[in-house]
Ligand code: AQP
């Protein structure tokens with residue numbers, strides 16, 4: 001059974017892009033693969049976080065995982081910092097990566113530009129930690145949005161390099177699994193930037209816990225262009241984004257959605273997109289609240305997941321430590 005693995009940062013509550021580009025696509029893997037799905041709080045602190053908010057966001061995100069259909073009986077669900085092997089392997093991988101390859105990462109360039117002269121070192125090393133997340137579990141398939149493709153390439157490069165240097169099968173070489181529709185949901189306030197948890201612009205992001213009213217308001221204000229009627233030719237990035245959102249929610253192609261709107265006003269597209277999104281998110285919102293009502297049970301699920309994750313993680317880490325020459329009684 002091939003291993004499938006993916007994760008989301010707990011920098012804020014999860015949003016529509018996380019759901020359509022990632023979470024929603026994880027659910028079907030659970031029946032036929034060995035799955036590890038987790039919440040990456042070590043990644044979250046690569047930029048400053050309020051500790052209380054980080055803890056709350058981690059719990060809410062865990063509840064959202066369950067509400068979206070991740071099943072702790074089928075998948076291993078856990079919080080990254082509860083498995084210390086992630087940070088341990090990350091160090092070894094850091095010593096097998098170069099400043100040059102890390103400097104080329106687009107996400108680093110984008111995110112570091114927001115920090116002036118004080119760029120957090122964690123932002124630079126983020127992709128190495130992500131490589132550790134993946135390689136630790138010998139994951140074959142990694143379902144992600146297309147913004148993560150470059151980081152996946154780096155994980156493949158480091159794994160290949162270490163397999164060649166030490167031992168042929170030290171790491172499974174992972175493959176990104178990128179959905180055709182919904183792989184990049186854009187900000188509603190700036191359709192040239194992807195929808196993001198930490199976007200400070202009002203109305204830019206649809207959070208999975210937003211009320212139906214807030215969702216309607218955000219879509220009504222979504223930035224489009226100065227036109228008013230949808231034509232059958234090229235459309236602006238904002239309109240395209242709304243087509244993609246509907247398509248990902250309804251299991252259609254954006255072209256099919258577009259065809260249904262030719263000759264109609266922008267206003268209809270906005271209102272109807274909000275309705276469709278609300279239909280998808282309403283049950284998730286309700287379930288999330290119910291799960292959060294029993295935090296003890298939620299924490300028990302995460303603890304159990306971390307214990308199971310550590311068994312696999314330790315095995316890989318022991319093999320890596322042996323390969324690089326770290327001594328243990330067990331290696332004699
Ligand atoms: N806008 C998006 N459209 C489609 N997929 C997306 N993903 C993120 N944003 C979109 C996918 O969600 C998974 C988890 O991503 P993440 O939250 O861990 O990291 P991120 O890509 O940095 O997401 P954010 O929202 O932009 O977080 P912040 O603001 O904290 O940096 C990944 O599979 C990602 O592709």
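The values are calculated or read from the model by the stated rules, or taken from the named source; none is laboratory data. Predicted model only: the values in this text are computed from it and were never measured. Cβ sites come from the backbone with ideal geometry, for glycine too, and all protein chains shown count toward neighbours.
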Any residue in region 70-81 that is assigned to a loop (DSSP other than H, G, I, E, B) and touching a strand residue (DSSP E or B) at 6+ places or on another chain (Cβ under 8 Å)? yes
I'd like to check something: does region 243-251 contain any residue that is out of contact with any strand residue (DSSP E or B) (no Cβ under 9 Å at 6 or more places or on another chain), at negative phi and exposed (fewer than 14 other Cβ atoms within 10 Å of the Cβ)? no
Residue match in region 229-247 (condition: touching a helix residue (DSSP H, G or I) at 6+ places or on another chain (Cβ under 7 Å), in a helix (DSSP H, G or I), over 16 Å from residue 187 (Cα atoms) and touching a residue at least 40 places away in the same chain (Cβ under 8 Å)): yes
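The rows are residues; the columns are (1) in the same structural domain as residue 42 (by TED's automatic domain parsing); (2) part of a loop (DSSP other than H, G, I, E, B); (3) modelled with pLDDT under 95.
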position	(1), (2), (3)
109	yes, no, yes
118	yes, yes, yes
133	yes, no, no
139	yes, yes, no
150	yes, no, no
164	yes, no, no
171	yes, yes, no
184	no, yes, yes
190	no, yes, no
Residue 60 meets each of (1) crowded, with 20+ Cβ neighbours inside 10 Å; (2) away from the ligand (no atom under 12 Å from the Cβ); (3) outside any helix (DSSP H, G or I) with one exception, condition (3)
Where residue 67 falls short, out of the listed (1) touching a residue at least 24 places away in the same chain (Cβ under 8 Å); (2) surrounded by fewer than 20 Cβ atoms within 10 Å (Cβ to Cβ); (3) in a helix (DSSP H, G or I); (4) in contact with a helix residue (DSSP H, G or I) (Cβ under 7 Å, 6 or more places away or on another chain): (2)
Lone qualifier among 123, 93 - being assigned to a helix (DSSP H, G or I), out of contact with any strand residue (DSSP E or B) (no Cβ under 8 Å at 6 or more places or on another chain) and either within 15 Å of the ligand (Cβ to nearest atom) or at positive phi (or both): 123
Determine which member of the set 160, 203 is on the phi > 0 side of the Ramachandran plot and more than 10 Å from the ligand (Cβ to nearest atom). 203
Being assigned to a helix (DSSP H, G or I), under 21 Å from the mean Cα position of the chain (by Cα), surrounded by 14 or more Cβ atoms within 10 Å (Cβ to Cβ) and not assigned by TED's automatic domain parsing to the domain that holds residue 56, is that true of even one residue in region 263-273? no
Would you check which residues across region 288-298 are free of Cβ contacts under 8 Å to residues at least 24 places away in the same chain and under 23 Å from residue 35 (Cα atoms) and list them? 297
Take region 27-42 and flag every residue that is near the ligand (Cβ under 10 Å from one of its atoms) and surrounded by fewer than 22 Cβ atoms within 10 Å (Cβ to Cβ). none
If you take the residues in region 185-198 that are surrounded by 17 or more Cβ atoms within 10 Å (Cβ to Cβ) and within 15 Å of the chain's Cα centre (by Cα), which one is nearest to residue 59 (Cα to Cα)? 197
Just need a number here: residues in region 36-58 that are in contact (Cβ under 8 Å) with a residue 60 or more places away in the chain and more than 25 Å from residue 120 (Cα to Cα). 1
Give the residue, chosen from 320, 257, that is part of a helix (DSSP H, G or I), in contact (Cβ under 8 Å) with a residue 60 or more places away in the chain and surrounded by 18 or more Cβ atoms within 10 Å (Cβ to Cβ). 320
